[in-house]
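To keep things clear, I will list the structure first and then write my remarks on it.
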Amino acid sequence: MEVAARTATALLLALAVASGCLCGGAQGRHHRHTKHTRHNSAPARAPAQAPGPASSRRHARPVSPPAPPPSSSSGSGGAYPTPGAAPEPAAGGAAAVYDVVKDFGAVGDGVADDTDAIKTAWDTACADDGDGVVLAAAGYSFLVHATVFTGPCQGSVTIQLDGTIVAPSDPDKWPANTKRNWLVFYNAHGTTLRGAGLIDGKGQKWWELPCKTDKGQGGSSGHGASCDSPVALRFFSSNNVKVQGLRVQNSPEFHFRFDGCRGVVASGLSISSPAQSPNTDGIHIENTQDVLVADTAVSNGDDCVSIGAGALNVRIENVTCGPGGHGISIGSLGKQGSRACVANVTVRNAVIRRSDNGVRIKTWQGGSGSVSGVAFENVRMDAVRNPIIIDQYYCLSRTCENATTAVLVSGVSYAGIRGTYDARSPPIHFGCSDAVPCTNITLADVELLPAAGKAVDDPFCWNVYGSAATPTVPPVACLMDGAPGGHADKSSLKCY
């Protein structure tokens, strides 16, 4: 009996220990959500009727990054970022997932307003330490009004968009003070926006506004109060950001704008709007440095990629522009006497189809500053009206007056520019300022033939100095050798 009693006692103790381990293990699988001191101006607000207990809003589960986009064929190094998947979670833990539908009450039917749910998911992820993923899953369409996603965040935040985000379609439904931007990321350092989803700006009614008198003419509609139109996605004062894999369409104005950023990767994107949609630049880069745009297709009504003042170290690779649009542009620069500086821009392995322009530099008279260190390499033209163009007399009306100052354009090279052009215009146009000539313009392996089989047009040159390292088609005999007299007096215009 004594032996049996001891045996029974041992069994009971073993069962008790095993039961305690199992209970502890079950508790350990539930990750508790911890409040953190916020950097954001507005505190995170939980939805009024969020499903499940508070501890379930943060799911400790891994999220697989998308496959990286095709690698760019660049051998250059320097400060340029490189495309790739979002940062992996910190060692020892999976990324926390904030599901905007399951955890924050988004409806996702394209009719109900899901702005608060998505903004709250961002605020919650931004306040938590470590890696966080805001998930907008496939199969849902989220109506989102003008919103600012504010950082800096405690950890890194990825927005995984596999569903659709749509803007309000009626301009009259937008408050007057929100008509310049739709989705803004401010101080959102280290943010990644990625996925297989769609962002639809619903721009049709904006393009039809009476003030949009010259549709598709690249900014001629102006920016008066009655004509303000929102940029779809604006990254402002945000460093080390990535945008990958998304489709973006029908923005009322620019589709992407990077302003005041450093370290930007935009890759694997598909951007589209009708050919006659005004001011719908695909990607605009301004006051931003260390940028890579790669493996992206743009078909729109304005510049495929536009590079504004303050852009430094920009690389554009494997980009397809058109049909439609205005090609890849630096500018316009120097408007209303302003100073503009752009340097170290490389466009490589691009295709431009049936666009008004190919690779273009455009400046207003009367400005100052410089464009320097620009290389256009291996660009294929398909029935492009102006394949190569420098226009220092850029003007959107008939009232622009001649000026004695201009943005200096120097150190621009064109190599491997081949294809066909629309014979309405010369294939090469160098219209440089009377006051500030273009200098050190070089060409090599340029071959541009008329698309309709007509005679090859002669290039146009005005006050441009440079050379052709190889024979070109058409021959560019109008470049002047050396440097203009008194050119040293213009050195103050150069920015770098």
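Hey, what's the stretch 284-335 come to in accessible area per residue, 1.4 Å probe, Å²?
Using a 1.4 Å probe on heavy atoms only, each residue of the stretch 284-335 averages 17 Å².
If you count only protein heavy atoms with a 1.4 Å probe, what accessible area per residue comes out for the stretch 391-468, rounded to a whole Å²?
45 Å²
What nm distance separates the two modelled labels at Tyr496 and Ser338, each placed 7 Å from Cα along Cα→Cβ?
Each label point lies 7 Å from its Cα, and together they span 1.9 nm.
What's the ranking of 159-172, 114-127 by average number of surrounding C-beta atoms within 10 Å, highest first?
114-127, 159-172
Given the pairs Lys173/Lys205; Lys212/Lys242; Lys173/Lys212; Lys202/Lys362, which span a C-alpha to C-alpha distance of over 23 angstrom in this model?
Check vs 23 Å cut-off fails for Lys212/Lys242; Lys202/Lys362.
Counting Lys +1, Arg +1, Asp -1, Glu -1, what net charge surrounds Ala196 among other residues with beta carbon under 13 Å of its beta carbon?
Numbers: positive: Arg194, Arg247; negative: Asp162.
Residues close to Ala196 contribute a combined charge of +1.
Would you kindly state how much longer the chain becomes between Asp129 and Ala176 on full extension, computed as 0.36 nm times their sequence separation minus their alpha carbon distance, in nm to one decimal?
That works out to 13.3 nm of additional length.
By average Cβ neighbour count within 10 Å, what is the ranking of 128-136, 192-200 from highest down?
Per-residue Cβ counts within 10 Å, averaged per peptide and sorted highest first, yield 128-136, 192-200.
With the crude spin-label approximation of a point 7 Å out along Cα→Cβ, what separation in nm comes out for Cys211 versus Ala469?
4.7 nm
According to the Kirkwood expression over distinct Cα-Cα pairs, how big is the hydrodynamic radius of the stretch 182-341, in Å?
It is 15.4 Å.
Given the C-alpha centroids of the stretch 262-301 and the stretch 380-439, what is the distance between them in whole angstrom?
Measuring centre to centre over Cα atoms gives 21 Å.
What is the set of long-range amide H partners of Ser277 at a cut-off below 5 Å, with H atoms built 1.01 Å from backbone N?
So Ser277 has HN proximity to Gly301.
What net charge do the residues around Val107 carry, taking every other residue with its C-beta under 15 Å from that of Val107, with Lys and Arg at +1 and Asp and Glu at -1?
So the surrounding residues net to -4.
Mind ordering 274-283, 202-211 by average Cβ neighbours within 10 Å, highest first? Could you put the intermediate results ahead of the total?
Working: 274-283: 25.1, 202-211: 17.0.
Ranked from most to least packed, the peptides come out as 274-283, 202-211.
At a 1.4 Å probe radius, carbon and sulfur cover how many percent of the accessible area of the stretch 265-314?
Here it works out to 49 percent.
Taking only C-alpha pairs under 8 Å that are 6+ residues apart, what is the relative contact order of the stretch 349-496 in percent? Please list the in-between numbers first.
Working: 392 pairs, mean separation 33.5, N = 148.
Contact order relative to length: 23 percent.
If you count only protein heavy atoms with a 1.4 Å probe, what accessible area per residue comes out for the stretch 96-190, rounded to a whole Å²? Before the final figure, lay out the partial values.
Numbers: 3230 Å² over 95 residues.
Accessible surface, normalised per residue, equals 34 Å².
For a Förster distance of 22 Å, can you work out the FRET efficiency between the beta-carbons of Ala196 and Ala112, rounded to the nearest 0.05?
Numbers: r = 23 Å, r/R0 = 1.04.
Once the sixth-power term is evaluated, E becomes 0.45.
At 20 °C and a viscosity of 1.002 mPa s, what translational diffusion coefficient does Stokes-Einstein give for the stretch 316-458, taking Rh as the Kirkwood radius over Cα pairs? Give it in µm²/s as a whole number.
141 µm²/s
Counting Lys and Arg as +1 and Asp and Glu as -1, what is the net charge of the other residues whose Cβ lies under 13 Å from the Cβ of Asp422?
+2
Expressed in nm², what is the orientationally averaged projection area of the convex hull enclosing the Cα positions of the stretch 238-281?
3.2 nm²
The values are calculated or read from the model by the stated rules, or taken from the named source; none is laboratory data. Note that the structure is a prediction, hence the values are computed from the model and not measured. A quick note on method: Cβ atoms are made from the backbone with ideal geometry, for glycine too, and the neighbour counts reach across all protein chains shown. Surface accessibility is based on the protein's heavy atoms, side chains included, excluding ligands, DNA and RNA. Shrake-Rupley method; radii C 1.70, N 1.55, O 1.52, S 1.80 Å.
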